[in-house]
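Presented below is the structure to which this report refers.
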Amino acid sequence: MHATVSTSRVRGRARAPPSKSYTHRALLAAGYADGDTVVRDPLVSADTRATARAVDLLGGETERLDGGNWAVTGFGGRPAVPDDVVDCANSGTTMRLVTGAAALADGTTVLTGDESLRSRPHGPLLEAVSGLGGTARSTRANGQAPLVVDGPISGGPVSMPGDVSSQFVTSLLLAGAATGDGVEIELTTELKSAPYVDITLDVLEAFGVDAHEAAPGYRVPGGQTYDPESGDYAVPGDFSSASYLLAAGALAAEDGKPVVVEGMHPSAQGDAAIVDVLERMGANVDWDEDAGEIAVQQSDLSGVSVGVADTPDLLPTIAVLGAAADGTTRITDAEHVRYKETDRVSAMAESLTKLGASVEEHQDELVVHGGDSDLSGASVDGRGDHRLVMALAVAGLVADGETTIAGSEHVDVSFPGFFDVLDGLGASVDA
């Protein structure tokens, strides 16, 4: 499918969807629990549905309730051997987090996904599972899915790099609480995307599980029980998704009529850094943390340098802001962003160049010369990546003419109603 966005002004109020990262973790934590849990205000998307299906295959039971909540009956820390292959679709989070759960099952689990997911790296996690008493391998011996996992693991100490994916750490922390010996993770390189592990610790605490940082890594004692207070858990709003709405306001809000994004209460999400990035670029931003509302007005922006070691999902948004700003925006610490649904560094460089931006691509950074850019509508490819599609749609608001984005349906991964929300803010959208 294609979406076409024309030069537009936006205004009004919108609500970003619930956090995808929190929803994944809450669904799986509820799966680890013994008994029933209601996950309130979850993101219901292609990715989170993949995690729910995995919980079902591992012996739990998930059910959507009227009103959008998710009821989960857990498998009590003892996953069953699935009676079918676990298809994680396009969700790398599902595959990595479920690999740890599968390692607790007394038998063999096979995990696979779509073509994009089958190109993403999992080697360090497979090695860690093998080091904890299970076995895990890639069928193609290249660290990529399909994966075959044999358990059960007993726990213990394990070493792994931290600069490939923080999801490996999250997977072992979630599973480690249900082992006999617990898991102590030593990180041999600097941890990238550390705030995502903070999200994991936040969810574990809400489910009554003790896990903590233990330099140079993390530790979770074994023999613990997942037991959320009052039997439910509420998912906060998603800052990654809000970044597109905030960027739309900063670039294209009507004079004197801000875009207000609701549901944005403080949490452990690293992507809340988008508020600081916008302020540094000169945007008029007001965050009422108590009300959970962020208002942003159209502003003259200036380029900045931003490291995305901990916030890889913000790269597409920041790149678009940089293309419309004066001066140069330099996005650094970005090599790990090449291993997402697509190589987002290369993809954004290619797409912004098509739109008329002056861009330099380096292995570890993306440099956007906004002062030398003159954005004009063009046909660009979302490459099956929800974040690219949404970022390029925002660019279309300020590009001269029409911008057509291929693969618009992929917003279903994290923000199913994105184009409806953009239309509701007054954008000219044909999706």
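State yes or no: is residue 313 outside any strand (DSSP E or B) and more than 13 Å from residue 243 (Cβ to Cβ)? Can you show your working first?
On the way: outside any strand (DSSP E or B): yes; more than 13 Å from residue 243 (Cβ to Cβ): no.
No.
For region 65-86, what are the residues that are touching a strand residue (DSSP E or B) at 6+ places or on another chain (Cβ under 6 Å) and farther than 22 Å from residue 178 by Cβ? Step through it out loud before you land on a result.
Residues of region 65-86 touching a strand residue (DSSP E or B) at 6+ places or on another chain (Cβ under 6 Å): 65, 69-73, 82, 85-86.
Hits for region 65-86 are 65, 69, 85.
Say we look at region 209-239 and pick out the residues that are farther than 26 Å from residue 160 by Cα and free of Cβ contacts under 8 Å to residues at least 40 places away in the same chain; which of these is surrounded by the fewest Cβ atoms within 10 Å (Cβ to Cβ)? Before the answer, list the steps.
Just the residues of region 209-239 that are farther than 26 Å from residue 160 by Cα, to begin with: 227-239.
Applying the additional criterion that residues be free of Cβ contacts under 8 Å to residues at least 40 places away in the same chain yields 229-230.
On the way: 229: 9, 230: 7.
Per the stated criteria, the residue is 230.
Consider region 171-184. How many of its residues are in contact with a Lys or Arg (Cβ under 7 Å, 6 or more places away or on another chain) and closer than 13 Å to residue 28 by Cα?
Total meeting the criteria: 1.
Can residue 242 be described as assigned to a helix (DSSP H, G or I), of a type outside the set (Ser, Thr, Tyr) and in contact (Cβ under 8 Å) with a residue 24 or more places away in the chain?
Here the answer is yes, as residue 242 does meet what is asked.
Would you pick out the residues in region 296-329 that are of a type in the set (Gly, Ala, Ser) and within 13 Å of residue 251 (Cα to Cα)?
Going residue by residue through region 296-329, those that are of a type in the set (Gly, Ala, Ser) are 299, 302-303, 305, 307, 309, 319, 322-325, 327.
Once the filter is applied, which keeps residues that are of a type in the set (Gly, Ala, Ser) and within 13 Å of residue 251 (Cα to Cα), region 296-329 yields 299, 302, 319, 322, 323, 324, 325.
Could you please give the count of residues in region 110-141 that are of a type in the set (S, T, N, Q) and in contact with a helix residue (DSSP H, G or I) (Cβ under 8 Å, 6 or more places away or on another chain)? Give the steps one after another, and end with the answer.
As a first pass, look at region 110-141 and keep what is of a type in the set (S, T, N, Q): 112, 116, 119, 130, 135, 138-139.
Now restrict to residues that are in contact with a helix residue (DSSP H, G or I) (Cβ under 8 Å, 6 or more places away or on another chain): 112, 135, 138.
Qualifying residue count, region 110-141: 3.
Any idea how many residues of region 39-56 are surrounded by 20 or more Cβ atoms within 10 Å (Cβ to Cβ), in a helix (DSSP H, G or I) and either aliphatic (A, V, I, L, M) or touching a Gly at 6+ places or on another chain (Cβ under 9 Å) (or both)?
Qualifying residue count, region 39-56: 6.
Among (1) surrounded by fewer than 24 Cβ atoms within 10 Å (Cβ to Cβ); (2) touching a Pro at 6+ places or on another chain (Cβ under 9 Å); (3) among the small types (Gly, Ala, Ser), there is one condition residue 60 misses while meeting the rest; what is its number?
(1)
Would you mind stating whether residue 429 is of a type in the set (A, V, I, L, M, F, W, C), in contact with an Asp or Glu (Cβ under 9 Å, 6 or more places away or on another chain) and not in a loop (DSSP other than H, G, I, E, B)?
Working: of a type in the set (A, V, I, L, M, F, W, C): yes; in contact with an Asp or Glu (Cβ under 9 Å, 6 or more places away or on another chain): yes; not in a loop (DSSP other than H, G, I, E, B): yes.
When the stated conditions are applied, residue 429 passes them.
Could you list, in sequence order, all residues of region 255-281 that are outside any loop (DSSP other than H, G, I, E, B), in contact (Cβ under 8 Å) with a residue 40 or more places away in the chain and among the hydrophobic types (A, V, I, L, M, F, W, C)?
Just the residues of region 255-281 that are outside any loop (DSSP other than H, G, I, E, B), to begin with: 257, 259-262, 270-281.
After this cut, where a residue has to be in contact (Cβ under 8 Å) with a residue 40 or more places away in the chain as well, the list is 257, 259-262, 270-271, 273-274, 277-278, 281.
Hits for region 255-281 are 259, 260, 261, 273, 274, 277, 278, 281.
Hey, could you check region 63-89 for residues that are in a strand (DSSP E or B) and acidic (Asp, Glu) and say which is surrounded by the fewest Cβ atoms within 10 Å (Cβ to Cβ)?
Residues of region 63-89 that are in a strand (DSSP E or B), as a first pass: 63-64, 70-73, 86-87.
From what's left, acidic (Asp, Glu): 63, 87.
Working: 63: 11, 87: 18.
Taking the candidates together, the pick is 63.
Tell me which residues, restricted to region 184-208, are outside any helix (DSSP H, G or I), within 14 Å of residue 172 (Cβ to Cβ) and in contact (Cβ under 8 Å) with a residue 60 or more places away in the chain.
Result: no residue meets the conditions.
Yes/no matrix, rows are residues, columns are (1) closer than 12 Å to residue 425 by Cβ; (2) at pLDDT 95 or above; (3) not assigned by TED's automatic domain parsing to the domain that holds residue 325:
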residue	(1), (2), (3)
215	no, no, yes
218	no, yes, yes
221	no, yes, yes
224	no, yes, yes
229	no, no, yes
244	yes, yes, no
253	yes, yes, no
258	yes, yes, no
261	yes, yes, no
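Would you check if there is a residue in region 285-293 being surrounded by fewer than 16 Cβ atoms within 10 Å (Cβ to Cβ), out of contact with any helix residue (DSSP H, G or I) (no Cβ under 6 Å at 6 or more places or on another chain) and part of a helix (DSSP H, G or I)?
Residues of region 285-293 that are surrounded by fewer than 16 Cβ atoms within 10 Å (Cβ to Cβ), as a first pass: 286, 288-291.
Adding the requirement that they be out of contact with any helix residue (DSSP H, G or I) (no Cβ under 6 Å at 6 or more places or on another chain) leaves 286, 288-291.
In the following step, the residues that additionally are part of a helix (DSSP H, G or I) were identified as none.
Within region 285-293 (the criterion being surrounded by fewer than 16 Cβ atoms within 10 Å (Cβ to Cβ), out of contact with any helix residue (DSSP H, G or I) (no Cβ under 6 Å at 6 or more places or on another chain) and part of a helix (DSSP H, G or I)), the answer is no, since none of the residues qualifies.
Within region 316-335, work out how many residues are assigned to a helix (DSSP H, G or I) and surrounded by fewer than 19 Cβ atoms within 10 Å (Cβ to Cβ).
Within region 316-335, the first condition is being assigned to a helix (DSSP H, G or I), and the residues that meet it are 316-323, 335.
Adding the requirement that they be surrounded by fewer than 19 Cβ atoms within 10 Å (Cβ to Cβ) leaves 335.
Within region 316-335, residues that are assigned to a helix (DSSP H, G or I) and surrounded by fewer than 19 Cβ atoms within 10 Å (Cβ to Cβ) number 1.
The values are calculated or read from the model by the stated rules, or taken from the named source; none is laboratory data. Keep in mind it's a predicted model, so treat the numbers as computed, not measured. Here the Cβ is made from the backbone with ideal geometry for all residues, glycine too, and neighbour counts use every protein chain on show.
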